[in-house]
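In what follows, a structure is listed as structure tokens, so that the remarks can point back to it.
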Amino acid sequence: MLIIVLKIIIPFLVIMQLLPLLIWLERKGAAYIQDRRGPNRAAILGVRLGGVVHSLADVVKLIFKEDIFPTNANKFIYTIAPFIAMAVACVTFAVIPWASPLEWKGSAFSLQAVDLNVGILYIFAIGSMGVYGIMLAGWGSNNKYSLLGGLRASAQMISYELTLSLSVVGVLIFAGSLELNTIVQNQGSNLLSWNVIRQPLGCLLFVVSAFAETNRLPFDLPEAEAELVAGYHVEYSSLKFALFFMAEYANMIVASALIATLFFGGWQVPFVSTETLRTYAQPIAYYSVLGLGLFSVAAGWFLVRRKHKVVYHDARDYETKVLGFPALLVGLALIAGQILYGPLPLGETGSQVAAAAFQFGAFLAKILFFCWVFIWVRWTLPRFRYDQLMKLGWRVMLPLALLNVVVTAGIYLWF
Amino acid sequence: MTQAVEKTDALKAKPVYLNLGPSHPTMHGTLRLFCELDGEIIKRSIAEFGYLHRGFEKHAENSTWTQVIPYTDRLNYVSAMMNNVGYCKAVEELLDLEIPERAQTIRVIVCEMNRIIDHLVCTGTNLVDIGALTNFWYYFNVRERFYNIIEQLCGARLTTAYTRIGGLMRDLYPGFEDEMRACLKDLAKAIEDVTGLLNTNKIFLNRTIGVGPISKEDAIRHGFTGPCLRATGVGLDLRKAQPYYGYENYDFEVVVGEHGDSYDRIVVRFEEMKQSARIIEQAMAKLKPGPIMTDDKRVALPPKAEVYTNIEALMNHFKLIYEGIRPPVGEVYSATEAANGELGFYIVSDGSGTPYRVKCRPPCFPIFQAYPMMVEGKMLADAIAILGNLNIIAGELDR
């Protein structure tokens, strides 16, 4: 029972922890792409963490904003819409595998909330619910801009869902299963056997449709701030707005996780198979903890030694010290522990857990990379126009996706 | 079958009426477009302005001739110095006054600098309208540097009031030329960055090519001037057509487009910035030391030393301060090529210390009249994209 609860809560918590990080990444990334500095003011006792603390300030701000109901808005629909948007984004995560299943007392213990045998179908089914959140928000706000945003969203998401689902069919043919864990295992740890190599067109189509599904630029028509002010969430304030905001990033994480799982080997560490990881778990763990310790010491030393060019005459002057000393101490402790006690015997279960931790790290790195791609594209490309978007979806992407299915199936049949 | 058709006919659809503006993030200033929508397509539209009317012309009738100069800053606040120059040039023509050569050259430099700033703002914000936000920052970093120059030049960033009737308020500061050259280098880099991001960008090309075209004849009929007219292929530039301040001696090209669509309007502005940079380089090369204010007693205050020692100078000073400049009875229309097009001032003097009438011909007034025609039948997103590159400045439009 406890394990089931943990399995449900942990993916949710991972998303919730990634959200502020992503918002920070978006702000800072945008700033550096645009020749600016980005958030660097909000601080707790002088610690700014390069702007991460700003997300906290935002949360506080959003909580204390007045919660406004527009005149003549449909209260029920207006209230429920942001919840749908956020819930859908979080629930999708349930079937995504975090690491290779543990073998425990003869039975496999999968590291995902639910190991559904129709995993990918579940994701598409739940994912298409996401449009309700946006559509209802657009309808319920009693605002013409919102309505236009909602209409755009529904048309766009329904059109691109077709391509999204069809582009995965090739992958499913290769894996012979709808289970996400099987799809990942089928790809193997060899980089050349990942689906991105086997299904390049499918991967491209999937990534583009994922952009459209998450309503990110160049497909952010539902909230196009130029013509629709803020689109479907123009009337929202306070935490309801925050929910939409979070849902956007949660969707981004889900989309990144899906791209990684379906096309980039999921939790597979490149060129290192699960067996190798488990066999050499002990030395790998030993050296990586040692490396972490060394890195921590180096970073701490760098921070402690660093002299400020500007002296603020307030708590910010001690920022480097506050961050540097603990890093230094933790690093030293890690190194000392490793040297004194040597490689600890991990045992059967321990090596499995260590291997799973590594795979989890690799998966997280992949997710963050694709999130960065989302951010990168957003600050590089202009926005489509509504009719151009539809044309691209129906006339280019859908035929290509169909072609991909036919060609893949043909190749699979004859070779 | 016929029954089905009848049924769809019976479904009465009501058009949606949408107010774009006056407070809308991309209605540059306080403009309002009231449109009838069929889905996303604008069926009919009415463009309305006047939300920023401050009565510039009436103000001018109650101020001395010199006091009008700060009001002109508020016309086109994006390129304030060009309005200063335009107004002062008109009054000087009324007085039949020739300003010193150095003052002319400096006016050319600041005008071209403001033209660059105006085009930076116009194209930068227009790209934001179509969703490409990063270019905006590349441009605004350069613009910031130009504004630093302006700040050092006259103490203000936006409301410059840099010119005086008969010359300038202040000479260039030491080190101006080096700073300007560094800025122009940055500008070239920024243009390169932005064109690098856009030139082969399919989305950008789709959003601009063939969007909001206007034919030569329509443009002329509406009274278009400036980059919007030149984008249609008419090479009218007052700097070439009626040269002033020695523009005939500078080597620069009039950039013309072909189709008069959004793409041409943006590209014409890109190229004009490069041409303006060329003019600034040439002007700085031929800048010679000399006075920046005419010594004409009708407009220029005598030197302080003379005021204290010479009775005539004292009287002159007193009259100029108390009565102001008194141009002879008459009227004049004088036009300069401002960033948006022909900026004209029609001035009537009754010989008193205040203008009888100052009529301003803002370049974007005729352009805005064509806007509803240009957006009808287009999509909502296009309406915003077109408005951006027409460069309507509400301060100038409403006066």
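The values are calculated or read from the model by the stated rules, or taken from the named source; none is laboratory data. On a predicted model such as this, the values are computed, not experimentally measured, just so you know. Every residue, glycine as well, gets a Cβ built from its backbone with ideal geometry; the counts of neighbours run over all protein chains shown.
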Self-check item: Spans of helices (runs of 4 or more DSSP H) in region A:310-415 with at least 2 residues away from chain B (no Cβ under 14 Å)
Solution: A:319-341, A:347-378, A:398-414
Quiz item: Residues A:Arg216, A:Arg305: which one is closer than 30 Å to A:Gln338 by Cβ and modelled with pLDDT under 85?
Solution: A:Arg305
Self-check item: Hits in region B:19-61 (condition: without any contact (Cβ under 8 Å) to a residue 60 or more places away in the chain and within 23 Å of B:Ala383 (Cα to Cα))
Solution: B:Asn19, B:Gly21, B:Pro22, B:Ser23, B:His24, B:Pro25, B:Arg32, B:Phe34, B:Glu36, B:Asp38, B:Gly39, B:Glu48
Exercise. Look through B:Thr72, B:Thr26, B:Thr64 and report the one residue that is polar (S, T, N, Q), modelled with pLDDT of 85 or more and touching a strand residue (DSSP E or B) at 6+ places or on another chain (Cβ under 9 Å).
Key: B:Thr72
Practice problem: Determine whether region B:277-286 contains at least one residue that is of a type in the set (Lys, Arg) and either under 30 Å from B:Ser215 (Cα atoms) or touching a residue at least 40 places away in the same chain (Cβ under 8 Å) (or both). | Solution: yes
Quiz prompt | Residue match in region A:277-286 (condition: on the phi < 0 side of the Ramachandran plot and modelled with pLDDT of 85 or more) | solution = no
Quiz item: Listed residues A:Leu205, A:Leu221, A:Leu180; which is on the phi < 0 side of the Ramachandran plot and either modelled with pLDDT under 80 or among the aromatic types (Phe, Trp, Tyr) (or both)?
Solution: A:Leu221
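Residue-by-condition table, conditions (1) closer than 30 Å to B:Arg361 by Cα; (2) in a loop (DSSP other than H, G, I, E, B):
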site	(1), (2)
B:Ala300	yes, yes
B:Glu306	no, no
B:Glu312	no, no
B:Phe318	no, no
B:Ile321	yes, no
B:Gly324	yes, yes
B:Pro328	yes, yes
B:Val332	yes, no
B:Ala335	yes, no
Quiz prompt | Residue among B:Ala370, B:Ala313, B:Ala381 that is surrounded by 18 or more Cβ atoms within 10 Å (Cβ to Cβ), away from chain A (no Cβ under 14 Å) and within 23 Å of B:His24 (Cβ to Cβ) | solution = B:Ala370
Quiz item: B:Glu342 versus (1) surrounded by fewer than 18 Cβ atoms within 10 Å (Cβ to Cβ); (2) not in a helix (DSSP H, G or I): which is the lone unmet condition?
Solution: (1)
Quiz item: Based on what the data block shows, is B:Pro213 more than 30 Å from B:Glu101 (Cβ to Cβ) and either more than 14 Å from chain A (Cβ to nearest Cβ) or assigned to a loop (DSSP other than H, G, I, E, B) (or both)?
Solution: yes
Exercise. Could you tell me which residue of region B:321-380 is modelled with the lowest pLDDT, considering only residues that are in contact with a strand residue (DSSP E or B) (Cβ under 7 Å, 6 or more places away or on another chain) and at positive phi?
Key: B:Gly377
Quiz item: Which of the residues spanning region B:132-142 are in contact (Cβ under 8 Å) with a residue 60 or more places away in the chain and either under 17 Å from B:Gly212 (Cα atoms) or within 8 Å of another protein chain (Cβ to nearest Cβ) (or both)?
Solution: B:Ala132, B:Thr134
Practice problem: Consider B:His259 carefully, then state whether it is assigned to a loop (DSSP other than H, G, I, E, B) and either over 22 Å from the mean Cα position of the chain (by Cα) or surrounded by 18 or more Cβ atoms within 10 Å (Cβ to Cβ) (or both). | Solution: yes
Quiz item: For region B:150-182, how many residues meet the condition of being surrounded by 22 or more Cβ atoms within 10 Å (Cβ to Cβ) and within 18 Å of B:Val78 (Cβ to Cβ)?
Solution: 4
Quiz prompt | Leading residue by the ranking (nearest to B:Cys183 (Cα to Cα)) among those in region B:239-276 that are of a type in the set (A, V, I, L, M, F, W, C) and without any contact (Cβ under 8 Å) to a residue 40 or more places away in the chain | solution = B:Phe252
Quiz item: Counting only residues that are more than 23 Å from B:Arg357 (Cβ to Cβ) and crowded, with 18+ Cβ neighbours inside 10 Å, how many does region B:316-330 have?
Solution: 2
Quiz item: Quick one: is A:Gly202 assigned by TED's automatic domain parsing to the domain that holds A:Leu258, in contact (Cβ under 8 Å) with a residue 24 or more places away in the chain and of a type outside the set (Val, Ile, Thr)?
Solution: yes
Practice problem: Return yes when B:Ala219 is within 22 Å of the chain's Cα centre (by Cα), surrounded by 15 or more Cβ atoms within 10 Å (Cβ to Cβ), at pLDDT 85 or above and within 14 Å of chain A (Cβ to nearest Cβ) and no when it is not. | Solution: no
Self-check item: Residues of region A:268-287 satisfying the condition of being over 12 Å from A:Ala357 (Cβ atoms) and small (Gly, Ala, Ser)
Solution: A:Ser273
Practice problem: Just one of (1) surrounded by fewer than 15 Cβ atoms within 10 Å (Cβ to Cβ); (2) among the basic types (Lys, Arg); (3) outside the structural domain of A:Pro218 (by TED's automatic domain parsing) trips up A:Arg395, so point out which. | Solution: (3)
Quiz item: So B:Val128 fits all but one of (1) in contact with a helix residue (DSSP H, G or I) (Cβ under 6 Å, 6 or more places away or on another chain); (2) outside any loop (DSSP other than H, G, I, E, B); (3) farther than 27 Å from A:Gly231 by Cα; (4) β-branched (Val, Ile, Thr); what number is the exception?
Solution: (3)
Quiz item: What are the residues in region A:206-227 that are assigned to a helix (DSSP H, G or I), touching a residue at least 40 places away in the same chain (Cβ under 8 Å) and within 14 Å of another protein chain (Cβ to nearest Cβ), if any?
Solution: A:Val208, A:Phe211, A:Ala212, A:Leu221, A:Pro222, A:Glu223, A:Ala226
